[in-house]
Amino acid sequence: MVDTRQFAIEPNKDLLGVDGTLQQNSVLNNRYRISGVVGVGGMGSVYQARDLQFPDVERYVAVKEMLNLSQNRDMREQMKGNFEREANILASLSHPAIPAIYDYFTIKDRAYLVMEYINGKNLEVILSQLDETLPIDMVLGWAIELCDVLDYLHNRPTPIIFRDMKPSNIMIDVNGRLRLIDFGIARVFQQNKKMTMIGTEGYSAPEQYKGSPMPQSDIYALGATLHQVFTNEDPRLHAPFTFADRPIREYNPNVPPMLEAVIMKALAYDPLQRYATAREMKEALETVRRAMQGSVTAAISLGEVPSEAVEEWGSEQTSSKSQLRWKFKVEDEIRSGAAHHEGTLFVGARDHNLWAIYADSGELRWKFATEAPIVTNPDIYREGPTVLIGSDDHHLYSVDIPTGRLHWKLQTKGPVRSSPSVIHGHVFFGSDDGYLYAARMSTGRAAWRYAVEAPIRSQPVVLEDMVIVAAESGDVVALDLSGQFKWRFSAKRTVISTPAIHDGIAYFGSYDYHLYAVDIKNGWSIWRFRAGKPIISSPVVVPEEEIVVFGCADGYIYAVDLFNNRERWKFQTDNQVVASPAYENGNIYIGSVDQNIYCIDAQKGRELWRFQTEGPVTAKPFILDGVMYIGSLDHNLYAIKA
Amino acid sequence: MDWFRRFLGLQPTDNEEATESAVQPAKPIATDAPTQPNPIGKKENLAPSMETLPKRPRDLPPSELDTDEADMIAADGRTRKLPPLETVQPEVGHQLVYGQLSDVGQMRDNNQDAVLSFVSSASLSQAAPNFGLFVVADGMGGHENGERASAIATRVIAKHVIDEIFIPSLSGEIGSSADRPTITEVLREAVQQANHVVSEQVPDGGTTVTTAAIIGHAAYLAHVGDSRAYLITDEFIEQITRDHSLVQRLIELDQLTPEDAVEHPQRNVLYRALGQNDHLDVDPVFRQLPPGAFLLICSDGLWNLVKREEIQQIVLEERDTPQQACQRLVEMANDRGGTDNITVIIVRVPN
């Protein structure tokens, strides 16, 4: 934003149009007849002009005009000197990607540079007019050429740092040839006006804001440019230095991981972590090009290499970190989680049984048969002690822990696929018959039931003064403990996910792809986070990291910030994640349909280890005294050192 | 592409209040008059605001009730003193209480900051939590563009949030379905709408915005730029917004120390502000406020000159009188040079 009104002298007055640009057909220096305006910038304009020195041919040149903004006369003279010096350097450059300089001169406070006219468009314009992404091999060719020209500039007797690599300074002519334009000569005339702050440009390296730029700053800016070309995300519209937050392959899966890696290396915050020279980066890009041009199989394997090296379970490193204590085979799939009471684990299976297994040895204590598959988690009534479990046979069972015999059972009119919650001397559970039940633990009689009017498959969450339950209809309903309605929140689709409650907020996922945060006082929605597929997984809150973690059918495990509902990290598995995570000591434990159980660092979302089972894992891990107990669809219950 | 610069240059203006407080920094600032909504070309001549409207005797004829001027302007045409004010004085501890102040500072001639507070305190048999809406905007741009941008943004945001949260909350139809935007989304939409209006009406201006809706003890914020919000309790003070400034990014990347940032030549460069681009990324912040906690929102005119420990200390010392805390904070910033406009809101949530 330069205020041109401050100029004391208005030069070339007769040549200027109302907007301060040269008028068409004006002749500069008795040689260049202006035939059009190519661009107008804050520092001056660029014109297309015909060179009258060659009257018989139509030779066009580009004339770049720069304003000498200094009000001080000595300063103006000094800047004029700087301009001539810079122009001389430019005129001495010779590289196919650098436009040739023919002439320069000054007229009063305007300086002119006459150079090769490029019939084409700059890359920024090309990107803005693009509906699809540019062919990768074409961009790769440009990238190699840009490295080559940077290498040339950085190795002049007086090294030149370009300092302004960005799409708008890259011209592509009608023949597809690339030129780097705007050699920062305009900067000669920029003065650091006190109190005026120049906006950030989005392509500049961090160290450029600390002091003088270095060759690696050009490498960063080239990385930023290539990042934009492949993602079509303008870095100026994002926070500075956030390229890593926009993984190239997420925007453009056709970019080979190798090429992405080259670009991300160029974009390292620390200049020492980038390529040391443009030549080095050029060589890396050439390696990528050779790989892409290589055999079909090579290209395919490139596309499949995961961005991070994956350690297979069973290798030395992982086996030392996770350790199988025992496994216990039941007669069918284990889809649900375990509960624990005084050394005994309880888990239901599709074989109709509730299994009681000694936690330390993995030996059977007893099993209790129901009439249909069990897909719910058990809960413990410590005063009994009994263990509560719902079955597809429409019943909720209370089973005496010492004997493994029936304590009581309560019949509903549908399969019980909602895990029970025992608290306040009552058990709360839902049924596919559409009711939420509250039963007295002592008698097994229903104290009340509430019609949610849709099958309930989540576990009711019971708090001091309310119970919250989610239903297939997408409704999440809060009742007081006497069964009186408090509020209802309606998601767009089914909610199977059991709400996680933290600091007065309920977090739950829905088939409508969203994770919701709802105020438990009134059911108002605070925020929602959209994932890529339905969310069946019940979230867990990690207070230390201020995140909520959950799995999604899109194959990712997400960590979302509680306070600004932005993704903190996500972790990719090889199949749907319908299981619920558990949190313990800084680690997230979660299973995936890809048959693995993962241990992930809650802070960074990095894999610490994985354990492979023989079937999909849909159960929530149960962790006790440093041991994780988890079932798999491979019929086993595993005890693994956490 | 338009990269936006923040102008710290002096703008000529004849703002009287500004001049007065600029030459008399020690004088306690009596009102937050500069923060009144823009009267748009009309001279305000003691027109009573909602809050200060005096109660009239019941038996006054209705015709008299409608003639404000007759009530206040004596026969000689001079204004006479208003009767003692009867304002709502919510009891500290039970209600949302707040103070707000905006001051031009010592160096500027105009106040480009804008500030707005809107509070509803209810005692109803049905659940109706306290509602408060607070906005601080720090405008930038030459001429009058800065103050116009911040004023427009503040008005647009207040209207949208009141329309979409406060009014529906009275009819009990808020946020209980995925078909409606979440409260966080309403705040974001409000700021994005303000962005469009500012771009349209003040093409050469820009503004920061930090806005907070407080519902019960829940604070919902939306934030763009470097106006900050702090959460303050007896135990701690925590900055809950993150500046969208170049130096903040450099600090986060360990490329700059917070100490160096204070002196950095580009410390005023923001990478995000209203009025710069059609697309605006708005940062939401949600917090449950502990009982009796304070939320403080301020422009950089305060936080550049007053340390956070000092902010906490003054807020706690004046815990029952947030307005007094605002005045002391503004005085402290002015004593240290008042290099920029200073705006602060302090809200205390119920115990």
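The values are calculated or read from the model by the stated rules, or taken from the named source; none is laboratory data. Values in this document were obtained by computation on a predicted structure and should not be read as measured data. With ideal geometry, Cβ positions are generated from the backbone for all residues, glycine too; neighbour counts draw on all protein chains shown. Areas reflect the complete protein model, heavy atoms only, side chains present, ligands, DNA and RNA absent. Shrake-Rupley method; radii C 1.70, N 1.55, O 1.52, S 1.80 Å.
Note on the range A:394-523: with neighbouring protein chains present and a 1.4 Å probe, carbon and sulfur make up 44 percent of its accessible heavy-atom surface.
Between 0 and 90 degrees, the angle of helix A:73-91 with respect to the longest Cα principal axis of chain A falls at about 80 degrees.
Couplings for the range A:271-286, taken from phi via the Karplus curve 6.51 cos²θ - 1.76 cosθ + 1.60 with θ = phi - 60°, read x, 6, 8, 8, 5, 5, 9, 4, 4, 4, 5, 4, 5, 4, 5, 5 Hz in order; Gly and Pro are left as x. Relative to its Kirkwood radius, the Cα radius of gyration of the range A:230-270 gives an Rg/Rh of 0.94.
With the solvent-accessible surface defined on protein heavy atoms using a 1.4 Å probe, which residues belonging to the range A:537-582 display a reduction of at least 40 Å² in accessible area in the multichain context relative to the isolated chain? Checking the loss per residue gives A:Phe563, A:Arg566. Taking all Cα pairs closer than 8 Å and separated by 6 or more residues, the relative contact order of the range B:213-280 comes to 27 percent.
Per residue of chain A, the DSSP helices (runs of n ≥ 4 H) give a summed -39500 (n - 2.57) that works out to -5000 deg cm²/dmol at 222 nm. Electrostatic bookkeeping for A:Thr106 treats Lys and Arg as +1 and Asp and Glu as -1; over the other residues with beta carbon under 12 Å from its beta carbon, the sum is -1. In terms of the mean number of neighbouring beta-carbon atoms within 10 Å, the peptides A:446-456, A:617-627, A:506-516 order highest first as A:506-516, A:617-627, A:446-456.
What whole-number value in cubic angstrom gives the convex hull volume per residue for the C-alpha atoms of the range B:276-315?
Working: hull volume 4.1 nm³, N = 40.
It is 102 Å³ per residue.
For the range A:555-618, relative contact order (Cα pairs under 8 Å, six or more residues apart, normalised by length) works out to 25 percent.
Residues whose amide H lies under 5 Å from that of A:Arg325, counting only those 5 or more places away or on a different chain, are A:Ala639, A:Ile640, A:Lys641; hydrogens are built 1.01 Å from N in the peptide plane. Across peptide A:239-248, the mean count of Cβ atoms from other chains lying within 10 Å of each residue's own Cβ comes to 3.
Computed from label points 7 Å out along Cα-Cβ, the spacing between B:His94 and A:Lys604 is 5.4 nm.
What whole number of Å gives the distance from the Cα centroid of the range B:107-176 to the Cα centroid of the range A:559-611? The range A:559-611 and the range B:107-176 have Cα centres spaced 39 Å from each other.
For a label point 7 angstrom out from the Cα of A:Ser442 toward its Cβ, which stretches of the range A:372-392 have the backbone nitrogen within less than 20 Å? Counting backbone N atoms under 20 Å from the label point, the list is A:380-388.
For the range A:503-642, the alpha-carbon coordinates run over 42, 29, 25 Å along the three principal axes, in decreasing order. Report note on the peptides B:193-200, A:359-366, B:226-233, B:277-284: ranked by the mean count of other C-beta atoms within 10 Å, highest first, their order is B:226-233, B:193-200, B:277-284, A:359-366. Looking at the range B:109-260, the accessible area is 35 square angstrom per residue; that uses a 1.4 Å probe and ignores ligands, DNA and RNA.
Modelled spin labels at A:Ile501 and A:Ile126, positioned 7 Å past Cα toward Cβ, are 5.9 nm from each other. Once C-alpha pairs closer than 8 Å and six or more residues apart are averaged by separation and normalised to the residue number of the range A:484-642, the relative contact order reads 12 percent. Quick one: if the Förster radius is 60 Å, what FRET efficiency do B:Gln313 and A:Arg33 give, using the C-beta to C-beta distance and rounding to 0.05? Approximately 0.25, to the nearest 0.05. A simple rule links phi to the HN-Hα coupling: the Karplus curve 6.51 cos²θ - 1.76 cosθ + 1.60 with θ = phi - 60°, which for the range A:412-418 gives 10, 9, x, x, 9, 10, 9 Hz, with x for Gly and Pro.
Cross-link pairs exceeding 22 Å between alpha carbons, from the set A:Lys570/A:Lys641; A:Lys166/A:Lys265; A:Lys80/A:Lys210; A:Lys533/A:Lys570: A:Lys570/A:Lys641; A:Lys80/A:Lys210.
Before we go on, tell me the buried accessible area for the B/A pair, both chains summed, 1.4 Å probe, in Å² to the nearest 100.
Heavy-atom accessible area buried at this interface is about 4300 Å².
Peptide B:178-187 shows a mean partner chain C-beta count of 5 within 10 Å per residue C-beta. Computed over the alpha-carbon atoms, the range B:116-258 gives an Rg to Rh ratio of 1.02, Rh here being the Kirkwood radius from the mean inverse distance. For the residues of A:515-524, the average number of beta carbons from a partner chain within 10 Å of their own beta carbon is 5.
Rounded to the nearest 20 debye, the dipole size of the range B:127-202 about its Cα centre is 80 debye, using +1 on the Cβ of Lys and Arg and -1 on the Cβ of Asp and Glu. Would you mind checking the tilt of helix A:215-231 against the longest principal axis of the Cα atoms of chain A, expressed as 0 to 90 degrees and rounded to 10? Once rounded, one gets 60 degrees. Going out from 0 in 10 Å bins, what whole percent of all Cα-Cα distances in chain A drops into each bin? P(r) for chain A, in whole percents per bin: 3, 13, 19, 17, 12, 11, 10, 7, 5, 2, 0. Peptide packing: for B:114-121, B:250-257, the average count of neighbouring Cβ atoms within 10 Å per residue gives the ranking B:114-121, B:250-257, highest mean first.
What is the local net charge at A:Arg156, summed over the other residues whose Cβ is closer than 15 Å to its Cβ (Lys, Arg +1; Asp, Glu -1)? Charge balance near A:Arg156 sits at -1. Surface composition of the range B:227-351: carbon and sulfur make up 44 percent of the accessible area, probe 1.4 Å. The phi-based Karplus calculation (6.51 cos²θ - 1.76 cosθ + 1.60; θ = phi - 60°) puts the 3J(HN,Hα) values of the range A:170-183 at 10, 9, 10, 8, 4, 8, x, 7, 9, 9, 8, 10, 6, 7 Hz, whole numbers, x for Gly and Pro.
Summary of the geometry: the range A:481-528 and the range B:281-342, compared by the centres of their Cα atoms, lie 34 Å apart.
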